[in-house]
Amino acid sequence: MKKIFTTLLVLSALLIQGFPAQAEEKKAEPKAQTTCPVMGGKINKAQYADVKGKRIYVCCAGCIAKIKADPDKYIKQLESEGITLDKAEKKKMDAMDHSGHNH
């Protein structure tokens, strides 16, 4: 009788918590960013901040400065929500822009 009770208890715990394999599958799925981490509104893919090799989309241009002022805060916030951030695109130097070096 005690074995049956223990077995039922273990099975109940697994059903309530979910099986470990199922939990791992959920973590593996990338989650796209849909909301602005600053204001919480819907993102505008034309508005973003590229920081620390990652692209963070925002709802409006006003949020870009806040992201750039404290990028770690927003990266941590989004990644803790399971969001996979896009990689920042490397900037192409304009042929007429010589601000990156001296002649």
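Going by accessible area, probe 1.4 Å, with all protein chains left in place, what is the ranking of 36, 59, largest first?
59, 36
Can you tell me the FRET efficiency between residue 29 and residue 3 if r is taken as the Cβ-Cβ distance and R0 is 35 Å, rounded to the nearest 0.05?
Rounded to the nearest 0.05, the efficiency is 0.40.
If amide H atoms are built 1.01 Å from N in the plane of the peptide, which residues on other chains or at least 5 residues away come under 5 Å of the amide H of residue 85?
Residues meeting the amide H criterion: none.
Could you work out how much longer the chain between residue 44 and residue 89 gets when fully extended? Use 0.36 nm per residue separation minus the Cα distance between them, nm to one decimal.
Net length gain for the segment: 14.5 nm.
Using each residue's phi in the stretch 58-64, evaluate 6.51 cos²θ - 1.76 cosθ + 1.60 at θ = phi - 60° and report the 3J(HN,Hα) Karplus result to the nearest Hz, with x for Gly and Pro.
Ordered by residue, 3J(HN,Hα) equals 10, 8, 7, 4, x, 7, 4 Hz.
Taking the Cα centre of the stretch 35-81 as the origin, how large is its charge dipole in debye, to the nearest 20, when only Lys and Arg (+1) and Asp and Glu (-1) carry charge on their Cβ atoms?
For this selection, approximately 100 debye.
The values are calculated or read from the model by the stated rules, or taken from the named source; none is laboratory data. For clarity, every value in this text was computed on a predicted model and none was experimentally measured. In this analysis, Cβ positions are derived from the backbone assuming ideal geometry, glycine residues included, and neighbour counts consider all displayed protein chains. The protein model used for the area step is the full one, side chains on, heavy atoms only, and it has no ligands, DNA or RNA in it. Shrake-Rupley method; radii C 1.70, N 1.55, O 1.52, S 1.80 Å.
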